[in-house]
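The values are calculated or read from the model by the stated rules, or taken from the named source; none is laboratory data. The model shown is predicted, which means the values in this text are computed figures rather than measured ones. Note that each Cβ is placed from the backbone with ideal geometry, even for glycine, and that neighbours are counted across all protein chains shown.
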Amino acid sequence: MVTENLVLLGLLCLIVIGSAGMGYIPVPFSDVTRSIFETVFPGPDAGQKIDAVIRTVVMDVRLPRILTAVFVGAGLAVSGAVYQGILLNPLADPFTLGISAGAAFGASLAILFFPSLNLYILPGFAFSGAAVTLLIVIFLSSGHTFDRQGLSSNSLILSGIIVSSILSAGISFLKYLADEQVAIIIFWLMGSFASRTWMDVSLVSITVVGGFIVIYYFSRDLNIISLGDRMAVTLGVETRRVMLYLLFTASFVTAICVSVSGIIGFVGLLVPHMMRSFAGPDNQRLLPVCFLAGAILMLSADTVTRAILPVEIPIGVLTALIGGPFFCFIFRRNHMRGRQ
Amino acid sequence: MTEICHDIRQAVFAYDRDIVLTGISETFKKGRFYGILGPNGCGKTTLLDLMAGFIHPHTGEVRFMGKCLKKTPKKILAKQISLVSQNFYINFPYRVSDVVMMGRYPYIPRFSSPSAQDFQKCDQAMEITGIRRLKGQLVTEISGGERQRTVFARALAQDTDILLLDEATSNLDIRHSIHLLDTVKKMVREKGLTVISVFQDINLAAIFCDEMVFMKKGTLVKKGPTQDLMTEQMLETVFHIQSKIRFEPLYQAGQAVFKTGKAASW
């Protein structure tokens, strides 16, 4: 269990360094590591320092983008695993609950009404959108009052679909109103890691790592919850409370990821699904693996679109184009095997 | 053996506006085997859910071992009451042994591994339910009956004083049903286990239950010793079906045959 995580972590570090060397200006691996080293330990001038241009390319252009991709991938994959466990459905993800649509709606509002302040208020609006959506979805699915045993997974999914279709219409309306800003909204909705800053990195890394710690603390309870309400309650899990903590944390993580990078689909769905077939369904083992594998997958996809393809494709489009058909394949294969 | 475990007082429960239980009051004693019987939709499962602490009455209260069930912490309750529910779907590919081990959840502290005792309890439970050979299989890939026995084993591994069964043997073949109920009955006699079980099969209930509880339309019709309640009249009142009950010396219990189209003229 520890070994597999160390192997994945090692792989992730290699890809980070490799990716930082790739692009319009190729940088050898040794120079990448030297740039990082010299920035972290700016000791006295020991003879030859690395070329300032190379250092800027690595430290200020590429690494922020790379690390943002790493943490967004990790965050989306872990949130996906949480939603799947709570909704008792291996095919659920942040979209099923309408969380991503809520965050996107909030962010579109910010772009439309405060075009000059995007950088600062976009995450706030995205999170508010996600949080309000989550509250509405939970309210819709828990009946008339909050003190029922409530929150059955079917009604959660249904409420999520209802709310997100309303929100999609809302986003279309905002686009219609947007006039000159419409291009910004559309591009942002497609998802991209282009020109991220260290501020984005710190926002998303603190959120994702903090969220992961909370989620991992409840990983064993999530195992029991994923077998159904009756079993969880009679085994002594404070089901409602734990579900709310987990839903809130996962939604917060999703909202921050969406606000930093736009809508990037299929990572939250595919990564936990794929990892489950090799790490098993036990969340104590699955969650760390999802964290690392989500990071690796997202960074690899972003590196492909940034440095390998002749034209940069928005990452959200790329993950959907690759992830969609692949998902169909897995879905079909599992059906043939008779398990879902 | 006369200690009261569940004491239900004027419990009313409704889903939205459909009242499922209309003011039920009854007590259950430790160390006995109870069978709950009644037509579909009469509130049997809801009554069991109330006693498991899964739901709480809207008015009235359920007391367990002298305390309000709602106020008893779930962790403590989980070491005393286990429930085998009726419909059970598992969407995630856990191993059979993993699911049984989840029965030990209340005993294993967070971030700890199961102890030797936990493994021993699980092995015992799998032995009793006859699923030991399925141990390593995925619960998503076994048959419905095997899954039901897995869930039964999980409840036994939970090692509680009270075992609530909601048609827990409905998907099992007759050999496994009899064997499981025999084992459970033996635990009632020897270890003072309390079993409260919903039955569809009246004859099976008559063989194993010390006492029967008949329900109809959200009310409790009657509760009492099996030999007193297993009557043609009672089945007529509760199920609206005509029957003949003969005493079966093998079981020391009455067994019913029912009037069907074929036997229209008895």
Just checking, which of B:Arg147, B:Arg110, B:Arg104, B:Arg154 is within 14 Å of another protein chain (Cβ to nearest Cβ) and assigned to a loop (DSSP other than H, G, I, E, B)? B:Arg110
Can you run down the residue pairs with Cβ atoms below 7 Å, 6 or more apart or on separate chains, where the first is in the range B:91-120 and touching a residue at least 12 places away in the same chain (Cβ under 8 Å) and over 19 Å from B:Leu134 (Cα atoms) and the partner is in a loop (DSSP other than H, G, I, E, B) and of a type in the set (Gly, Ala, Ser)? B:Tyr105/A:Gly236; B:Pro106/A:Gly236; B:Pro106/B:Ala78
Number of positions in the range B:170-196 that are of a type outside the set (A, V, I, L, M, F, W, C) and buried (at least 21 other Cβ atoms within 10 Å of the Cβ): 1
Checklist (1) among the aliphatic types (A, V, I, L, M); (2) modelled with pLDDT of 85 or more; (3) in contact with an Asp or Glu (Cβ under 8 Å, 6 or more places away or on another chain) applied to A:Ile50, failing item: (2)
Kindly indicate which of B:Phe208, B:Phe214, B:Phe199, B:Phe239 is of a type outside the set (A, V, I, L, M), crowded, with 20+ Cβ neighbours inside 10 Å and farther than 22 Å from B:Ile128 by Cβ. B:Phe214
Given (1) surrounded by fewer than 24 Cβ atoms within 10 Å (Cβ to Cβ); (2) over 30 Å from A:Ala126 (Cα atoms), identify the lone condition not met by A:Val32. (1)
When both residues are 6+ apart or on different chains and their Cβ atoms are under 8 Å apart, which pairs have a first residue that lies in the range A:156-173 and is farther than 15 Å from A:Ala103 by Cβ, and a second that is among the hydroxyl-bearing types (Ser, Thr, Tyr) and part of a helix (DSSP H, G or I)? A:Leu156/A:Ser141; A:Leu158/A:Ser141; A:Ser159/A:Ser141
Filter result (outside any helix (DSSP H, G or I) and at the interface with another protein chain (Cβ under 7 Å from one of its Cβ atoms)) within the range B:59-80: B:Ala78
Would you say A:Val132 is touching a residue at least 24 places away in the same chain (Cβ under 8 Å), over 22 Å from A:Ser192 (Cα atoms) and surrounded by fewer than 22 Cβ atoms within 10 Å (Cβ to Cβ)? yes
Answer from A:Phe193, A:Phe278, A:Phe252, A:Phe212 - the residue that is within 30 Å of A:Ile313 (Cβ to Cβ) and not in a helix (DSSP H, G or I): A:Phe193
Residue list for the range A:284-312, restricted to those being at pLDDT 90 or above and either aliphatic (A, V, I, L, M) or not in a helix (DSSP H, G or I) (or both): A:Leu286, A:Leu287, A:Val289, A:Leu292, A:Ala293, A:Ala295, A:Ile296, A:Leu297, A:Met298, A:Leu299, A:Ala301, A:Val304
For the subset of the range A:228-283 comprising residues that are closer than 21 Å to B:Met102 by Cβ, crowded, with 23+ Cβ neighbours inside 10 Å and of a type in the set (Val, Ile, Thr), which member is modelled with the lowest pLDDT? A:Thr239
Considering only the range A:90-110, I want to know if a residue exists there that is under 22 Å from the mean Cα position of the chain (by Cα), modelled with pLDDT of 85 or more and aromatic (Phe, Trp, Tyr). yes
Among the numbered conditions (1) closer than 22 Å to A:Asn283 by Cα; (2) under 14 Å from the mean Cα position of the chain (by Cα), tell me where A:Leu67 comes up short. (1)
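Among the residues of the range B:39-55, is there at least one that is in a strand (DSSP E or B) and either crowded, with 18+ Cβ neighbours inside 10 Å or more than 19 Å from the chain's Cα centre (by Cα) (or both)? Spell out how you get there, then give the answer.
Within the range B:39-55, the first condition is being in a strand (DSSP E or B), and the residues that meet it are none.
So far as the range B:39-55 goes, no, none of its residues is in a strand (DSSP E or B) and either crowded, with 18+ Cβ neighbours inside 10 Å or more than 19 Å from the chain's Cα centre (by Cα) (or both).
Just checking, which of A:Val267, A:Val271, A:Val242 is within 30 Å of A:Ser142 (Cα to Cα), touching a helix residue (DSSP H, G or I) at 6+ places or on another chain (Cβ under 7 Å) and within 12 Å of another protein chain (Cβ to nearest Cβ)?
After applying the criteria, what remains is A:Val242.
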Given (1) within 21 Å of A:Arg240 (Cα to Cα); (2) within 19 Å of the chain's Cα centre (by Cα); (3) of a type in the set (A, V, I, L, M, F, W, C), where does B:Phe13 come up short, assuming only one miss? (2)
Could you say whether any residue in the range B:126-135 is within 14 Å of chain A (Cβ to nearest Cβ) and in contact with a helix residue (DSSP H, G or I) (Cβ under 6 Å, 6 or more places away or on another chain)? no
Hey, can you tell me all the residues within the range A:216-253 that are of a type in the set (A, V, I, L, M, F, W, C), over 19 Å from B:Ser112 (Cβ atoms) and within 21 Å of the chain's Cα centre (by Cα)? A:Met243, A:Leu244, A:Leu246, A:Leu247, A:Phe248, A:Ala250, A:Phe252, A:Val253
